Amino acid sequence: MSVFKTLKNDLTIPLKKDPAAGNILEVVLLYPSVHAVIAYRIAHFLRGMRVPLVPRFISQFARFLTGIEIHPGATIGQNLFIDHGMCVVVGETTEIGDNVTMYQGVTLGGTGLQKAKRHPTIGNNVVVGAGAIVLGPVTIGDNSKIGAGSVVNKSFPPNSTIVGVPGSAVTKSEFIYQI
């Protein structure tokens, strides 16, 4: 997909996923998540061109403005939506698929100091609840949901519902029973 089409998607995704989004002007002016994702796209592009220092400066400046930290080394697919994004952290080797929704306080963090894959891989169509923490080089399969406040440090297959500390998969009947 072209850079311009990707940026257009980034601007319009809140209109599709947030019932409070009134119009495109409101999104452009008042949605910090959109600002953070666009800054990430620019920083990621420059990092790919091997431009020194500038990509990290852009990501840190975006963090200062939005409260959302996305490392320019992360790989993010189409249609990422960060709702109420304050305190979201996306680490350097994180991979995020298409159509992912994350809420406030989410951390996709690394473990260890090695220069290898040390952050999560999030599949397509995943929802990551408020305050969830996903640590290490784990994989969350497509169409999964991670509950608010969960701490996930192991991989889960597609179509999982993951809740708790530490995160564990639950079935629909178990989830309803716990409520």
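The values are calculated or read from the model by the stated rules, or taken from the named source; none is laboratory data. Note that the coordinates shown come from a computational prediction; the quantities given were computed from them, not determined experimentally. Please note: Cβ atoms are built from the backbone with ideal geometry, for glycine as well, and neighbour counts cover all protein chains shown. Remember, those area values only see protein heavy atoms, side chains included, never the ligands or the DNA or RNA. Shrake-Rupley method; radii C 1.70, N 1.55, O 1.52, S 1.80 Å.
Taking the chain as the region of interest, the number of lysine pairs whose Cα atoms are within less than 23 Å, with members eight or more places apart or on different chains, is 12.
Quick one: check the C-alpha center-to-center distance for segment 9-53 versus segment 56-97, whole angstrom. When both Cα centres are located, 10 Å separates them. What the phi angles of segment 47-54 give under the Karplus curve with 6.51, -1.76 and 1.60, with θ = phi - 60°, is a coupling list of 4, x, 8, 6, 6, x, 6, 4 Hz, glycine and proline written as x. When all protein chains stay in place and ligands, DNA and RNA are ignored, the 1.4 Å accessible-area order of Tyr31, Tyr40, Tyr103, largest first, is Tyr103, Tyr31, Tyr40.
Over segment 43-175, with the other protein chains present, what is the accessible area per residue in square angstrom, probe 1.4 angstrom? Write out the running numbers ahead of the final one.
Details: 6500 Å² over 133 residues.
Accessible area per residue: 49 Å².
Here the chain is assigned +1 on the Cβ of each Lys and Arg and -1 on the Cβ of each Asp and Glu. Its dipole about the Cα centre then comes out at about 460 debye. Rolling a 1.4 Å probe over the protein heavy atoms leaves Met49 with an accessible area of roughly 120 Å². Based on C-alpha pairs under 8 angstrom that are at least 6 apart in sequence, segment 1-155 has a relative contact order of 14 percent. The amide H of Val151, built 1.01 Å from its N in the peptide plane, has Ile133, Gly164, Val165, Gly167 as neighbours under 5 Å, considering only residues 5 or more places off or on other chains. Amide hydrogen proximity for Thr93: with H placed 1.01 Å from N in the peptide plane, the residues at 5 or more positions away or on another chain lying under 5 Å are Arg118, His119. Close amide H pairs (under 5 Å, H built 1.01 Å from N) link Ile70 with Val90, residues at least 5 positions away or on another chain. Sparse packing (at most 13 other Cβ atoms within 10 Å of the Cβ) combined with a DSSP loop state is found for the following trypsin sites (Lys or Arg not before Pro) in segment 74-131: Lys115. At q = 0.15, 0.19 Å⁻¹ the log10 of I(q)/I(0) for segment 32-179 amounts to -0.70, -1.09, computed by Debye summation with a single uniform scatterer per C-alpha, solvent ignored.
Got the relative contact order for segment 72-167 handy, in percent, Cα pairs under 8 Å and 6 or more residues apart?
Values: 306 pairs, mean separation 19.4, N = 96.
So the answer I get is 20 percent.
Looking at Leu46, Gly136, Ser150, which one has the Cα that reaches farthest to the positive end of the dipole of the chain (charges on Cβ: Lys, Arg +1; Asp, Glu -1)? The one lying farthest along the dipole's positive direction is Leu46.
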